[in-house]
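We did not get these values from a lab; they are worked out from the coordinates using the rules stated. None of the values given here were measured: they were computed from a predicted structure. Here the Cβ positions follow ideal geometry from the backbone for every residue, glycine too, while neighbour counts run over all protein chains shown.
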Amino acid sequence: MKVAELGNFTKAAKELNVSQPAVSQNITALEKQLGAKLFNRARGEVSLTSKGLAFMKYAEKISYWYAAAGQMFGQMGKLTSNKPIRISADPVVGSYLLPRAVSVLAAVHPEFVFDIVPNGWGDDTPADVEISVAPSPETMDFWGEGKLVGVMDAVVVASPLNKSLCKAAVSEGEDSYVAKPFSTIAGVHVSNRFVVWNHYKEFLTPDIIARVSMFSSSIEAVKTIVATSSCLAGIVPVFSVIEELQAGSLLKMPVSLPEFAFDVHFNPLPEFAAKTVCKLLKQSLVDSLRKV
């Protein structure tokens, strides 16, 4: 189209910012593909043949639809600008914390679509952001601090059926453990044994390990067993039992477990980090952690 407009290969090449041989080679390749001569070539000038004039109508339509496709697809296209925001999350964060954060964000911004998958899902598609957890270190370097959005604390829970512990439970509105009978795991009555989320195994002292009835990678299994037991206490991440504590099916024990904490890290791709939705998602996650 540019050669037909200017009637000259050299002028077309200059305007297209390519070499003159490249223009000639592309025209020759196009003519070979179509099986038709498109241009009459003369010294310093070219003009469309009758077949070139006919093909020009198709070229105009091709150019139009190509431009229209670019407006609909691509990074800024209408059909792809709202592509799902892919979040690779630690299974516990993805199951118990992230849904609350995303639901708050989605209520305000219904145009956002989210795709949440567990870390290491096996899909080669890169995630826009990865949310991971790691045992809280004693020191935090500069880069780690920048990724830190909060802490996943541990909690000891028991069933209302557990008479030896339910009197010591933290009642609604209380935030102090001072007046309670115990403040360490060791203070849990000796008649009770523990069911523990297995990520806490490395933090347990030998005397507590001796009182463990079961380790499980399933937090749901820990909660179900403890909720129906009169002699078992569970150790799980606090935001995994928010609904049960609110409903009263599990009771929170006044036990302090700072050494069981996990840091929650927010790791966006560089190109995603600059987007407004990334900042909103991060803040929503921070707010959700603070409310736990």
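List of remarks:
- For LYS57, the lysines whose Cα falls under 20 Å of its own Cα, not counting residues fewer than eight places away in the same chain, are LYS2, LYS32, LYS37.
- For PHE114, distant residues with modelled amide H under 5 Å away: ILE85
- Residue separation of ILE62 and GLN20 scaled by 0.36 nm, minus their Cα-Cα distance, works out to 12.8 nm of gained length.
- Order by protection proxy (mean Cβ within 10 Å, highest first), peptides 48-60, 218-230, 150-162: 150-162, 218-230, 48-60
- On the beta carbon distance between PHE272 and LYS163, with R0 = 45 Å, the FRET formula returns roughly 0.30.
- For a straight C-alpha distance cut-off of 22 angstrom, the lysines reachable from LYS282 (same-chain residues fewer than eight places away being disregarded) are LYS83, LYS147, LYS291.
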